[in-house]
């Protein structure tokens, strides 16, 4: 029986110790000039200085948990608790770096099987303790915060030991995973069989299969490979009320789709213990390119034409003018390779342009055919090719964002992301509404922001918008500043007809907007479902549905 | 304000009066030879001889219904009641033709707006009367049977007056319909705007948008255009607990998908009053062809290769050897045109062959390109082209099945269909299990059947199987015979790992197998949801969830 693995990420930020850090001087200069007066370095506290509440696990529960998973798989040491005290949102990072944790799990348990998960749930349900399922811990919406929700303890259920590929069916192109398999491990295990899942969110290096499913995730290549909700076929789930299994039928008309209730359930109904997913043969060829569009608005129209004519690449991203400028600044001092640098320099000469990345994957012949279908539509839209060098650079740096965030926090920059989606017809309106809300709110606090945005997921009826906003951090009022900006943006999204989240999920941060998203009766319907599956409300309290 | 339209279909069977009838002599001879001893003509009773219970609407409810929709839109005349007493399953048709209805609605109401639907629901909920939503009345699983479910009356809510296209967005390729719009009307209304829904189930001529959504329908071209659950974006629904609205976002990660609870809800949670669907530009070109495969098993493998390589046509159907023989018999006396006849004759010389129909739709260039991608894979599988004549014949006769069924019932033939789906790996096993169950059960009753089957919907992970079975009708025990065959097939489907229904829905007939389909806790979860939205259990009792 395997022992619990050590925490995957360093306790205070993204990734592992030893990851190369740094920010190009040009980027730093751009931030100084855009965000106003001098930024102040705000280093993190030392691990020893982190304050966290004493663990409090009632004796009966401690015994039942040890019985369920074995004594060695129940941990309450300081490093384990700090490493499970927060996800990776801005408030999470702020609380970790300042050493002032509001909450930490009273214990962390590491089950190894569906039956052990069920036993942990049973023990907590009987003892009246909250259960917080934990995959990669990469949530940026407060999804893994160890909230007790009025219960006497909060037990984090870490799925790291459930890391197996249980089955693969090469004829039907499906694979069944345990929930704790990370993105890279899933690709490695499938790769040995000539298969790929093709799911590459920015959190790929640490996020897990169970997390993908529980948060209704989308990856960078989901325009081509499909969102996780399009890849999930079957599920097994342990709930306080028992086991729920959804068979992996290719399609069914047998009533409401229970699968779609468990996908996106964010640990609030139960713990996903197995997921059967659609997979594909590993692509033999990949081609990534950068292009320059004349403007974000014209680029969006070009993407609509691509998608609706079936000619969209598998990866399709279009930065607005502000994000394009920021990308240029970040690439100015060698973080991108020479050829890419030259391409970006060509782009820089086109003032007001919008940078796009396109990627095709598959058999070499199909990649060539599909690219040949894309290019005429791009040229018709006035787009200019910047070459494969910049495309490859993007591919190399595709998971870099979260590391960069730690660098920015070091420098006193408030940085956060949020994302939404709407119809093509409403896209301009939503883009303007969210940007305006962020700019006016933060300017009103004396910290005018830089708001940048890209489109990264295309649908026949619309697209996603992914915003990143940066401002001078309000020393001493960091969480107020975050809350004001986040609230203004969420209110603007609901008012402008967008969805409150396209792929980050609801967690704690978006829960107050669920009524705006699905209506009061929609929330009630979800509550009725939770009441049946989790009658005592022990599953991930405070997430998905506000208290 | 429009008056209620007359019943769309003749009271005793499929379609309208005056529809050409007949069965080729060769088909009749084949049935005689396959189904054993001489078939006996079993004509239907005259309309006047139909027995039905007296209507019983309490005075208060009658007044409230008249208040809700206007007096002229509440009907309880004999023709209206008989026309709403049954769907179009074999037991439905048998009961209609024999004139022995178990139940009929106490009244039929025709609301014109969401608000009127809500008022009808409110009136029935207060009075303790069951509500049976009714679109085209084409259910083949008992979905529209006017069961009172222990309530004091059963009120059928006919959506025929709600027949408007409310909105279309040509930029986002979406259209919002009222639920009572029929298939042909939807195509006509969209066609005026250059658009198509592309949803063509065999019931297309009479079925409605609301029915498509409520039953999680698939059409003949759904391999290309997508099932209705892939086309639904937004919904508005009137429930006893109030209005539920799902916004038409292109995608969202905001928790469990409530949309997927309403799709397939079969009137048991509420009445769908608006549906926003993805639409497409009308295809400029269409090409339909027949091909002969060496066997059903080899053909299935060819379809798998097509689908998994992205080279599947929009319509892809493969008949097994028995269905191929039956198609030949049906085409033998001129119901198919000459060129098609010649093609079929060429096929007939290939003993044991399996007939396939392939259809591509879109721009002429894309149709040619896509066909060029399909053909090499077909040739590799040893398939032989039979030409476009037979393909066009299939297209002309694509809605003929239900008319043919009435002919068979006239001749004393028991005929029923059922459908399922499973992974490619399990397809042979499921095919054999269902066929064996039907053959052994009906042979055991002294009425050995002809069981024929086709694959009509492809998915990357699997495919559907659509069975038709015919046997000598057991005079005097028709419903027992049906029940024995249906039960044996459903048990076999669950045991062999198929879904209980791929596109016919659950209705009354499949409700006993829902525990086999989604498990006891899955059924409980659906009940909890129903309890919240329909606390008094007035919505379509006895459907979806067994009493």
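The values are calculated or read from the model by the stated rules, or taken from the named source; none is laboratory data. This one's a predicted model, so the numbers in the text were calculated from it and none came from an experiment. Note that we place each Cβ from the backbone using ideal geometry, even for glycine, and neighbour counts take in every protein chain shown.
Values computed for the structure shown
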quantity: Flag for residue B:356 being at negative phi and more than 24 Å from the chain's Cα centre (by Cα); calculated: no
quantity: Residue within the stretch A:40-49 that is more than 28 Å from the chain's Cα centre (by Cα), under 25 Å from residue A:88 (Cα atoms) and assigned to a loop (DSSP other than H, G, I, E, B) present; calculated: yes
quantity: Answer from A:294, A:245 - the residue that is in contact with a strand residue (DSSP E or B) (Cβ under 8 Å, 6 or more places away or on another chain) and facing chain B (nearest Cβ under 7 Å); calculated: A:245
quantity: Residue A:493 vs. criteria in contact with a strand residue (DSSP E or B) (Cβ under 8 Å, 6 or more places away or on another chain), within 7 Å of chain B (Cβ to nearest Cβ) and in contact (Cβ under 8 Å) with a residue 60 or more places away in the chain; calculated: no
quantity: Residue tally, condition in contact with a strand residue (DSSP E or B) (Cβ under 8 Å, 6 or more places away or on another chain), under 19 Å from residue B:143 (Cβ atoms) and part of a helix (DSSP H, G or I), over the stretch B:510-547; calculated: 3
quantity: Any hit, the stretch B:270-285, residues being without any contact (Cβ under 8 Å) to a residue 60 or more places away in the chain and out of contact with any strand residue (DSSP E or B) (no Cβ under 6 Å at 6 or more places or on another chain); calculated: no
quantity: Search result, residues across the stretch B:496-512 that are surrounded by fewer than 21 Cβ atoms within 10 Å (Cβ to Cβ) and at the interface with chain A (Cβ under 9 Å from one of its Cβ atoms); calculated: B:497
quantity: Filtered residues of the stretch A:50-84 (kept if in a loop (DSSP other than H, G, I, E, B) and more than 19 Å from residue A:161 (Cα to Cα)); calculated: A:50, A:52, A:53, A:54, A:55, A:56, A:57, A:58
quantity: Search result, residues across the stretch A:210-223 that are away from chain B (no Cβ under 11 Å) and under 20 Å from residue A:281 (Cβ atoms); calculated: A:219, A:220, A:221
quantity: Some residue of the stretch A:476-484 being surrounded by fewer than 21 Cβ atoms within 10 Å (Cβ to Cβ), in contact (Cβ under 8 Å) with a residue 12 or more places away in the chain and within 16 Å of residue A:322 (Cβ to Cβ); calculated: no
quantity: Options B:303, B:277: the member that is closer than 28 Å to residue B:363 by Cα and in a helix (DSSP H, G or I); calculated: B:303
quantity: Residue A:525 vs. criteria more than 11 Å from chain B (Cβ to nearest Cβ) and either within 24 Å of residue A:443 (Cα to Cα) or at pLDDT 95 or above (or both); calculated: no
quantity: Some residue of the stretch A:213-221 being crowded, with 22+ Cβ neighbours inside 10 Å, farther than 22 Å from residue A:315 by Cβ and under 16 Å from the mean Cα position of the chain (by Cα); calculated: yes
quantity: Residues located in the stretch B:224-242, provided they are within 7 Å of chain A (Cβ to nearest Cβ) and closer than 23 Å to residue B:545 by Cβ; calculated: B:227, B:241, B:242
quantity: Filter pass, residue B:343 being in contact with a strand residue (DSSP E or B) (Cβ under 7 Å, 6 or more places away or on another chain), surrounded by 17 or more Cβ atoms within 10 Å (Cβ to Cβ), away from chain A (no Cβ under 14 Å) and modelled with pLDDT under 80; calculated: yes
quantity: 3 or more residues free of Cβ contacts under 8 Å to residues at least 24 places away in the same chain: qualifying helices (runs of 4 or more DSSP H) within the stretch B:174-266; calculated: B:183-191
quantity: All strands (runs of 3 or more DSSP E) inside the stretch B:118-169 with 1 or more residues being touching a helix residue (DSSP H, G or I) at 6+ places or on another chain (Cβ under 9 Å) and under 26 Å from residue B:416 (Cβ atoms); calculated: B:130-134, B:154-158
quantity: Residue A:119, sole failed condition from (1) surrounded by 20 or more Cβ atoms within 10 Å (Cβ to Cβ); (2) away from chain B (no Cβ under 14 Å); (3) farther than 30 Å from residue B:307 by Cα; calculated: (1)
quantity: Number of positions in the stretch A:284-294 that are assigned to a loop (DSSP other than H, G, I, E, B) and buried (at least 16 other Cβ atoms within 10 Å of the Cβ); calculated: 1
quantity: Scope the stretch A:295-311; condition over 17 Å from residue A:225 (Cα atoms), in contact with a helix residue (DSSP H, G or I) (Cβ under 8 Å, 6 or more places away or on another chain) and buried (at least 18 other Cβ atoms within 10 Å of the Cβ); matching residues; calculated: A:296, A:300, A:302
quantity: Qualifying position, being at pLDDT 95 or above and either over 30 Å from residue B:316 (Cβ atoms) or in the same structural domain as residue B:100 (by TED's automatic domain parsing) (or both), among B:510, B:457, B:483; calculated: B:483
quantity: Sole residue being more than 18 Å from the chain's Cα centre (by Cα) and either free of Cβ contacts under 8 Å to residues at least 60 places away in the same chain or within 14 Å of another protein chain (Cβ to nearest Cβ) (or both), chosen from B:458, B:470, B:544, B:533; calculated: B:533
quantity: Selection within the stretch B:401-427 - in a helix (DSSP H, G or I) and either on the phi > 0 side of the Ramachandran plot or away from chain A (no Cβ under 11 Å) (or both); calculated: B:401, B:402, B:403, B:404, B:405, B:406, B:407, B:408, B:409, B:410
quantity: Any chance residue B:26 is at negative phi, modelled with pLDDT of 90 or more, in a helix (DSSP H, G or I) and surrounded by fewer than 18 Cβ atoms within 10 Å (Cβ to Cβ); calculated: no
quantity: Residue list for the stretch A:414-437, restricted to those being over 29 Å from residue A:478 (Cα atoms), in contact with a helix residue (DSSP H, G or I) (Cβ under 8 Å, 6 or more places away or on another chain) and either surrounded by fewer than 22 Cβ atoms within 10 Å (Cβ to Cβ) or in the same structural domain as residue A:91 (by TED's automatic domain parsing) (or both); calculated: A:428
quantity: Residue within the stretch A:100-110 that is in a loop (DSSP other than H, G, I, E, B), in contact (Cβ under 8 Å) with a residue 60 or more places away in the chain and not assigned by TED's automatic domain parsing to the domain that holds residue A:505 present; calculated: yes
quantity: Matching entry among A:266, A:243 (being buried (at least 24 other Cβ atoms within 10 Å of the Cβ), over 30 Å from residue A:428 (Cα atoms) and modelled with pLDDT of 95 or more); calculated: A:266
